[in-house]
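Below: the structure, in structure tokens.
The values are calculated or read from the model by the stated rules, or taken from the named source; none is laboratory data. Please read all numbers here as calculations on a predicted model, not as lab measurements. Glycine also receives a Cβ, built like all others from the backbone with ideal geometry; neighbour counts cover every protein chain displayed. The area values use the complete protein model at the heavy-atom level, side chains included, leaving out ligands, DNA and RNA. Shrake-Rupley method; radii C 1.70, N 1.55, O 1.52, S 1.80 Å.
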Amino acid sequence: MSTLTSFTFAETDLDAIAAHEGRVAVFVDGEGKLDQSARRVNRLTKGALARLVESDKWAKMKEGDIVSLGYPAGMKADGLDVIRLERAAKSILARKAGAALAKARGGKGDLLVLCALIRRAEEIVFGLAMRDYAFEPHKSADSTRSGAVKVVHNKPADLEAACAPLLAVADGAHMCRDLTNEPANVLTTTNYAERLKEMESLGLKVEVLDEDALTTLGMRTLLSVGQGSDSPSYVVAMRWDGGEKDAAPLALVGKGVVFDTGGISLKPGAGMEDMTMDMGGSAVVAGVMRTLALRGAKANVVGIVGIVENMPSGKATRPGDVVTTMKGDTVENINTDAEGRLVLCDVMWYAQEKYKPTAMIDLATLTGAIIIGLGHENAGVFSNNTSFCNDFLKAAEAEGEGAWRMPLGAGYDAQLKSRIADMKNVGGRPAGAITAAQFLQRFVKEDCPWIHLDIAGVASVKSETALAPVGATGWGVASLNRLIADNYEAE
Ligand code: BES
Ligand code: MN
Ligand code: ZN
């Protein structure tokens, strides 16, 4: 597992600046006012900083932008990073600045961050921790990341305390990315279940249900997706009971298809390798549970994930097969590539029957159609409860994670009508992301506030985002953590 950057916090020591080996970062506001540390850097470099701040280049820079100077004269450092940032910068911009520093460091060397007077310096640290990530377990030799970050601030102890819960979020997001980036021959269904079981060491209660247990529970639809694979299917439930004793939990449900070939309705070959990320929804759930445990959240939350592999074989489900869900409704499988909803419907039903949650959120890389609709900027948000939905949208906005509400309605639901069973698993080409959500809603009890997040476009991307390099983003860990912190935790 990739480890989080290590941070230490200290008060200003001007004389240590010249001697620091690695990189040094200073912050200058829009007016070009130099703080005490920046003045020392300016003196050491014989006025380089002042010249930069008076330049046209600086005038054109936006808040959070960075200029890196190599091998600055008068200093032992390899690089000097100058960031334009107001002392009272908004958190999103402070995060952007932190991310720019992580990029400049490139995972190697010691970084000294001189942000003595920045009011929300913890957001710089968060941005740095989030962006300081690379997935390297399968790279040999010299790719090992190293070095540490020392943050200099006027109130180092307060800053360290403010950083703790944010670093728990970054840690959870990194775990989510590790799982989502991992290829399917390594992250097999069994390996995945084992990795989740290991989170018991953090104080989570983790229950692994194997195929015998799932058969007893009647999760036939989930099992029908995994039956073509040589790897067994699992459901894993992770509980964090940090809230009031015996109070009903919030339920998070995740799609964990470790690889999606499409099954007998085989996908085209080009780009199929991307389907290693088809367990991205479940990885967000795992990442949130890790975050809650690391920061000791005062809330009751259960995360339940369905782990399967969708493969074609002589034992695989055929198009046209009819299966009975745990709920008891029958489904005609028109297209074995519409497998995610078949996994989720049983896990969602189980979540409600077993845990009687106050509300439920499912996450899934569910449809290509949501990518056509929203691209890679926003996840699709579907809900049966506007106030619950708005709470989530507010949390996502605050975290800078794109989320856009989509409609539901009886007309869309009608597209799922089957000639021979209670429903089909696909509703045709029009509104493919919505009919997938309609399918799921059939497994949501009337009085259960529910949100479905279709993260097919945002879970893993081909160009870097604000706080993540190319690949798995960890989208959703921060938003769900904030939703929980703001709405489910008493002081
Ligand atoms: N895992 C895919 C959706 C997906 C597509 C995720 C691209 C990430 C990137 C899902 O299981 C799927 O195959 N959906 C089909 C549904 C169709 C057969 C109704 C799709 O979107 O094409
Ligand atoms: Mn599929
Ligand atoms: Zn899939």
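Sort out for me the Cα centre separation of region 221-245 from region 417-477, rounded to whole Å.
Going from one Cα centre to the other spans 18 Å.
Loop-only check: which GluC sites (Glu not before Pro) in region 317-392 are DSSP coil with at most 16 other Cβ within 10 angstrom? Mind showing how you got there, number by number?
On the way: sites: GLU332, GLU339, GLU353, GLU377; in loops: GLU339, GLU377.
Sites meeting the loop and neighbour criteria: GLU377.
Of the listed peptides 169-176, 75-82, 393-400, 304-311, what is their order by residue-averaged count of other C-beta atoms within 10 Å, with the highest listed first? Numbers along the way, then the final one.
Values: 169-176: 26.5, 75-82: 20.8, 393-400: 18.5, 304-311: 28.9.
Result, highest mean first: 304-311, 169-176, 75-82, 393-400.
Using modelled amide H (1.01 Å from N, peptide plane; none on Pro or chain starts), what sits under 5 Å from the amide H of SER265, excluding residues fewer than 5 places away?
Distant-sequence amide H within range of SER265: THR336, ASP337.
Under a cut-off of 19 Å between alpha-carbon atoms, report the lysines in cross-link reach of LYS76, not counting same-chain residues fewer than 8 places apart.
Hits, sequence-local ones excluded: LYS46, LYS108, LYS150.
May I ask you to order 454-465, 424-435, 246-257 by the average number of other C-beta atoms within 10 Å around their residues, highest value first? Intermediate results must be reported in sequence, preceding the final value.
Working: 454-465: 21.7, 424-435: 19.5, 246-257: 24.2.
Put in order of decreasing packing, that is 246-257, 454-465, 424-435.
Using Cα pairs closer than 8 Å and at least 6 residues apart in sequence, work out the relative contact order for the chain, in percent.
Working: 1135 pairs, mean separation 71.5, N = 491.
Worked out over the chain, it gives 15 percent.
Under a 1.4 Å probe, what is the accessible area of the chain per residue, stated in Å²?
On the way: 20180 Å² over 491 residues.
About 41 Å² of surface per residue is accessible.
Share of the chain's accessible area from carbon and sulfur, percent, 1.4 Å? Please list the in-between numbers first.
Details: 10110 of 20180 Å².
On the chain, the fraction of accessible area on carbon and sulfur atoms equals 50 percent.
When the helices in the chain are scored as -39500 (n - 2.57) per DSSP H run of 4 or longer and the sum is shared across all residues, what 222 nm value do you end up with, to the nearest 500 deg cm²/dmol? Let's see the in-between values first.
Details: 17 runs with 178 residues, N = 491.
Mean residue ellipticity, 222 nm, calculated: -11000 deg cm²/dmol.
Please report, in Å, the Rg and the Dmax of region 7-155, where both are computed over Cα atoms only.
14.7, 46
Just to compare against my own numbers: the Cα pair-distance distribution for region 261-396, 5 Å bins, whole % per bin, please.
With 5 Å bins starting at 0, P(r) equals 2, 8, 14, 19, 21, 16, 11, 6, 2, 0.
How about region 188-251: which GluC sites (Glu not before Pro) there lie in a loop by DSSP and see at most 16 other Cβ atoms within 10 Å?
Values: sites: GLU194, GLU198, GLU200, GLU207, GLU211, GLU244; in loops: GLU244.
Passing both the DSSP loop test and the Cβ count: GLU244.
Of LEU34, LEU393, ALA168, whose Cα points farthest to the positive end of the dipole of the chain (charges on the beta-carbon: +1 Lys, Arg; -1 Asp, Glu; origin at the Cα centre)?
Farthest towards the positive end: LEU34.
Around ASP260, with a cut-off of 13 angstrom between Cβ atoms, what is the net charge of the other residues, counting Lys and Arg +1 and Asp and Glu -1?
Working: positive: LYS255, LYS267, ARG341; negative: GLU273, ASP274, ASP278, GLU309, ASP337, GLU339.
Surrounding charge for ASP260 is -3.
Let's see if you can work this out: charge +1 on each Lys and Arg Cβ, -1 on each Asp and Glu Cβ, no other charges. What is the dipole magnitude of the chain about its Cα centre, in debye to the nearest 20? Intermediate results must be reported in sequence, preceding the final value.
Working: 54 positive and 63 negative charges, 234 e Å.
Taking the Cα centre of the chain as origin, the dipole is about 1120 debye.
Normalised by the empirical 2.2 N^0.38 Å for globular proteins, what value does the Cα Rg of region 316-447 take? Write out the running numbers ahead of the final one.
Details: Rg = 15.0 Å, N = 132, 2.2 N^0.38 = 14.1 Å.
The value comes to 1.07.
Using DSSP H assignments, which helices in the chain have an axial alpha-carbon span of 18 Å or above and a mean Kyte-Doolittle hydropathy of 0.5 or higher? Working shown, then result.
On the way: long enough: 91-105 (21 Å, 0.33); 156-181 (35 Å, 0.36); 280-294 (21 Å, 1.35); 340-355 (22 Å, -0.04); 386-399 (20 Å, -0.15).
Counting only whole DSSP H runs, the qualifying helices are 280-294.
Give the average over all directions of the projected area of the C-alpha convex hull of region 151-230, one decimal, in nm². Don't jump to the answer; show the numbers that get you there.
Values: hull surface 31.5 nm².
Spelled out: convex hull of the Cα atoms, projected over all directions, averaged, 7.9 nm².
Order these peptides, 472-480, 318-326, by their mean beta-carbon neighbour count within 10 angstrom, highest first. All intermediate terms of the calculation are to be shown ahead of the outcome.
On the way: 472-480: 29.3, 318-326: 16.1.
So the order, starting with the most tightly packed, is 472-480, 318-326.
Counting residues in region 289-358 as N, plug N into 2.2 N^0.38 Å and put the Cα Rg over that result. Present the calculation step by step, with values, prior to reporting the outcome.
Working: Rg = 16.1 Å, N = 70, 2.2 N^0.38 = 11.1 Å.
Relative to the rule-of-thumb radius for its length, region 289-358 sits at 1.45.
For the chain, restrict the atom set to alpha-carbon positions and state the Rg and Dmax in Å.
Gyration radius and largest Cα-Cα distance of the chain: 24.3, 82 Å.
Just how far, in whole angstrom, is region 131-154 from region 5-48 if you go by their alpha carbon centroids?
22
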